[in-house]
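Take a look at the structure below.
The values are calculated or read from the model by the stated rules, or taken from the named source; none is laboratory data. Remember, it's a predicted structure, so these values are computed and weren't measured experimentally. Cβ coordinates were reconstructed from backbone atoms using ideal geometry, including for glycine residues, and neighbour counts include every protein chain displayed. Each accessible area value is taken on the protein alone, full model and side chains, heavy atoms only, with ligands, DNA and RNA left out. Shrake-Rupley method; radii C 1.70, N 1.55, O 1.52, S 1.80 Å.
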Amino acid sequence: MSSARKTLKILALVYFVLGIASLVIAGVGIAQGNLDSTYGTNAMLAAVVLVAKGIVDLAAGVAGIKGANKPSQVDGAFKLGIVAAIATIAQAVLTLPALGGSSVNIVAFVIVVYDLFFIQQAHAVKAENKDRL
């Protein structure tokens, strides 16, 4: 297994954990009504984005593991990584004070960098697989 495939597998496992964390945070936030304090008027939209992000992260994790094990299937991980990056940006934007949020979500912007690294690794595995054929 190449270093790109190993890195993709590790990133995919982290994605899996991030997906579970997003779903738990969304579930607890919805149950306790804590999303209003962070997201202001966009609390319901933020809940939908958090749930969607959790599902996409879980799917990207599974697709990344499959793609690392079988490089011909890495295209799904690449596409889901792009969707996850867009969802993370949406989550970060919802916290901006100009949109009714209470702060700037620095963690979400850091996760966007992680998303981009995942996309880059999926692309590297895809290119590596193309070279083998």
* Structure-derived Cα extents along the principal axes in Å: which label, when the choices are (i) 65, 46, 23; (ii) 52, 26, 17; (iii) 40, 33, 28 -> (ii)
* Could you state the angle between the C-alpha long axis of helix 75-94 and the longest principal axis of the C-alpha atoms of the chain, as a value from 0 to 90 degrees rounded to the nearest 10? => 20
* Structure fact -> Helix 3-32 sits off the longest principal axis of the Cα atoms of the chain, rounded to the nearest 10 on a 0 to 90 degree scale, by 20
* For the chain, report the accessible area per residue in Å² (1.4 Å probe, heavy atoms, rounded to an integer). => 52
* Quickly estimate the mean residue ellipticity at 222 nm for the chain, helices only: each DSSP H run with n ≥ 4 gives -39500 (n - 2.57), and the total goes over all residues, rounded to 500. => -28500 deg cm²/dmol
* Asked: In the chain, what percent of the accessible surface is made up of carbon and sulfur (1.4 Å probe, ligands and nucleic acids excluded)?
  -> 73
* Once phi is turned into θ = phi - 60°, what whole-Hz ³J(HN,Hα) does the Karplus curve with 6.51, -1.76 and 1.60 give for every residue of segment 116-124, x standing for Gly and Pro? -> 5, 5, 4, 4, 5, 5, 4, 5, 5
* Structure fact -> For the chain, whose charge dipole is built from +1 on Lys and Arg Cβ atoms and -1 on Asp and Glu Cβ atoms, the candidate among Val83, Val107, Ala124 with its Cα farthest towards the positive end is Ala124
* Return the lysines within reach of Lys79: Cα separation strictly under 18 angstrom, same-chain partners fewer than 8 residues apart disregarded; answer none if there are no such residues. => Lys9, Lys53, Lys66, Lys70, Lys126, Lys130
* Electrostatic dipole magnitude of the chain [Cβ: Lys, Arg +1; Asp, Glu -1; Cα centre; debye, to 20] -> 560
